[in-house]
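Worksheet for the structure shown next.
Just so it is clear, none of the values below were taken in a lab; they were calculated from the coordinates. Note that the structure is a prediction, hence the values are computed from the model and not measured.
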Amino acid sequence: MEYQALLFDLDGTLTASGEGITKCVQYALEKMNKRELAQDLKKLEVFVGPPLLEQFMAYAGLSEAEAEEAVKFYRERYLPVGIFENKHYEGIEEVLKKLKEKGYILAVASSKPDSMVKTVLNHFSLMPYFQVVKGSDITKPKMTKAEVIEEVLEELGFSEKRESAVMIGDRHHDVLGAKTAGISCIGVTYGYGDFQELQQAGAVKIVDSTKELGELFGV
């Protein structure tokens with residue numbers, strides 16, 4: 001593969017964060033008197049990855065103002081508890097280590113707020129592998145995945161050589177955000193999206209494990 005810079009999503013790509021996220025969504029929905037929508041944690045996995053504001057509006061039919069309140073309730077539980085109901089995927093650290101040793105430039109582009117991304121990466125001792133780490137700006141609740149990717153590309157110095165950068169993520173919004181930012185995306189099915197979702201979104205390649213991901217880049 002001709003890529004030089006690899007941009008990783010966080011939730012569902014580097015870490016299995018579903019437990020913490022779904023339990024915090026459940027907490028927020030109950031606070032919003034939407035208990036009937038909060039019963040099935042598996043269904044709440046649609047919240048893993050996409051920006052929270054738009055997902056609360058889409059899933060629960062909330063207005064923008066209500067969704068903003070739901071996000072506040074979500075973070076009320078997430079910061080002390082949910083952020084650590086999480087684990088990194090088996091084999092991912094070894095893949096990152098080998099990719100870095102081989103000379104790839106590694107970065108993180110996540111829709112999760114920037115400070116939380118860094119907290120998670122530090123918690124799992126993954127931060128040293130990445131040259132640039134970016135999450136969304138907490139003061140801009142409508143910040144898109146594409147905007148996060150743009151910031152990463154600019155900081156890496158790849159704004160003018162996008163063909164040499166690729167996004168790696170587990171959900172359609174990773175693929176679509178990458179497209180909007182003018183780069184390709186490799187999908188991973190070991191996270192929270194499936195093959196069909198990633199294929200339909202336009203992933204250039206889809207892998208099923210961290211081992212396959214490493215093999216794709218010759219490590």
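Each residue of the range 8-17 is assigned a 3J(HN,Hα), and the resulting list reads 9, 6, 9, 5, x, 10, 9, 10, 8, 9 Hz, derived from the Karplus form 6.51 cos²θ - 1.76 cosθ + 1.60 (θ = phi - 60°), x at Gly and Pro. Please enumerate, by chain and number, the lysines with C-alpha under 17 Å from the C-alpha of K142, excluding those fewer than 8 residues away in the same chain. List returned: K72, K112, K134. Straight-line cross-link partners of K42 among the lysines, defined as a Cα under 17 Å from its Cα and at least 8 positions apart when in the same chain: K23, K34.
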